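Everything on this sheet refers to the single structure shown next.
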Amino acid sequence: MRILYFENHVLTLSYDRERKTGYAVWNGFLSSSEFQEATTKCVELMEKEELVNWLADNRKMKAIRQADQQWFLENIVPRLLHSSLQRMATLVSHDIFNKMAVDNIMQRAGTHDHLTMRDFQDEAAATAWLEAPASTAAQESFNA
């Protein structure tokens, strides 16, 4: 059962304690303060609930400013890479500038041995991948 953790006009953040999965549904363009607050809330939830799976629904999210990308790399990525997360599924934004920004952040973040990330267009496929046994998900990620 999903439990609402945080909600405002740009982010709905929830989790399923039993599945150890977090869900972030993004909406629109975020100011720097909104972006920082929202991404910090995401990592706080990951850490507090020791989540292993994450579904980022970026489909309605708009571009991320360069300064916010840099802030994310410096402040959020280290916490993300040291978290309990093992799989992150992203529903890719319809906004090409957001997709480019997210790709840039992930490329600059470097390697992350314990965290497997994969992009999806379909929520059902993303959820199925997150819920698949670890060996199946790793193989699917390798073949993607």
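The values are calculated or read from the model by the stated rules, or taken from the named source; none is laboratory data. All values derive from a computational prediction rather than experimental measurement. Counting neighbours? That spans all protein chains shown, and the Cβs are built from the backbone with ideal geometry, glycine included.
Overview of results
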item	result
Verdict on Met88 being touching a helix residue (DSSP H, G or I) at 6+ places or on another chain (Cβ under 6 Å), crowded, with 20+ Cβ neighbours inside 10 Å and closer than 22 Å to Arg118 by Cα	no
The lone exception for Ser83 - which of (1) part of a loop (DSSP other than H, G, I, E, B); (2) without any contact (Cβ under 8 Å) to a residue 40 or more places away in the chain it fails	(2)
Count of the range 48-85 residues which are more than 16 Å from Phe35 (Cβ to Cβ) and either of a type in the set (Val, Ile, Thr) or surrounded by fewer than 20 Cβ atoms within 10 Å (Cβ to Cβ) (or both)	10
Elements of type strands (runs of 3 or more DSSP E) contained in the range 1-65, each with 2 or more residues being within 21 Å of His82 (Cα to Cα) and at pLDDT 95 or above	11-16, 21-28, 53-61
Residue match in the range 27-43 (condition: closer than 21 Å to Asp103 by Cβ, among the aromatic types (Phe, Trp, Tyr) and under 11 Å from the mean Cα position of the chain (by Cα))	no
Criterion violated by Leu73 - all others in (1) without any contact (Cβ under 8 Å) to a residue 12 or more places away in the chain; (2) assigned to a helix (DSSP H, G or I); (3) over 13 Å from the mean Cα position of the chain (by Cα) satisfied	(1)
Residues (hydrophobic (A, V, I, L, M, F, W, C) and exposed (fewer than 12 other Cβ atoms within 10 Å of the Cβ)) located in the range 4-18	Leu4
Exclusive hit being surrounded by fewer than 17 Cβ atoms within 10 Å (Cβ to Cβ) and hydroxyl-bearing (Ser, Thr, Tyr), set Thr40, Thr21	Thr40
Output for the range 86-115, where each listed residue is in a loop (DSSP other than H, G, I, E, B) and either on the phi > 0 side of the Ramachandran plot or modelled with pLDDT of 95 or more (or both)	Gly110
All positions within the range 101-122 that are exposed (fewer than 14 other Cβ atoms within 10 Å of the Cβ) and either under 17 Å from Trp54 (Cα atoms) or not polar (S, T, N, Q) (or both)	Asp103, Arg108, Gly110, Asp113, His114, Gln121, Asp122
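Listed here are the residues, each with its yes/no results for (1) under 21 Å from Trp129 (Cβ atoms); (2) in contact with a helix residue (DSSP H, G or I) (Cβ under 7 Å, 6 or more places away or on another chain).
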| residue | (1), (2) |
| --- | --- |
| Leu30 | no, yes |
| Phe35 | no, yes |
| Ala63 | no, yes |
| Arg79 | no, yes |
| His82 | no, no |
| Val92 | yes, yes |
| Ile96 | no, no |
| Met106 | yes, no |
